[in-house]
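A quick write-up on the structure given underneath.
Just so you know, all these numbers are worked out from the coordinates, no wet-lab data involved. Everything numeric here is computed off the predicted structure, so don't read it as measured data. Glycine gets a Cβ as well: all are built from the backbone with ideal geometry, and neighbour counts include every protein chain shown.
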Amino acid sequence: MTCTDGQLIKLTAADGVRVLGPAPSSDPVLGKPAKSQDEEAQNTHLWLIDSDGLPYILDAPVASLGGAIPKHSNLANSAHVAGEAWFINDKSIIISGASGRFPPRSPAELEGATEVFAAFNFTAQSLGWDYETGSAFRFQIG
């Protein structure tokens, strides 16, 4: 996969990047995942786990990207795993492994990412793994 120039710009706190700290999160933008491919998720955040921590950003236009939507590569050049997240409240979060660049490679890797969020004292759950496609679910089943 190749990056366009805008995807190589590393975003900072001035652009809205936050680094996950222990729950409760201060002033989280609450959201919810889509329940089907035809439904739109609300207030999705992009997240990734790298050697520096767990940065995340609201999936919304960013001025320093010329109004473009950020990509995972705008958070870091490399990562262990990445996906999308929805804060249900200041102590609960739902994650997916939806990332074109740094997706989880197995159900165990997605579960490991969920455990990282739990290590920050969040009640964390993932959307799960689709064994038919061999990838993380991108919407909430059931």
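Side notes on the structure shown:
- When residues of the stretch 23-40 are limited to those that are in contact with a strand residue (DSSP E or B) (Cβ under 7 Å, 6 or more places away or on another chain) and among the small types (Gly, Ala, Ser), the one nearest to HIS72 (Cα to Cα): GLY31
- Picking from residues in the stretch 63-115 that are closer than 19 Å to LEU11 by Cα and β-branched (Val, Ile, Thr), the one that is farthest from the chain's Cα centre (by Cα) is ILE69.
- Boolean, GLN42 is in contact with a Lys or Arg (Cβ under 6 Å, 6 or more places away or on another chain), in contact (Cβ under 8 Å) with a residue 40 or more places away in the chain and not basic (Lys, Arg): yes
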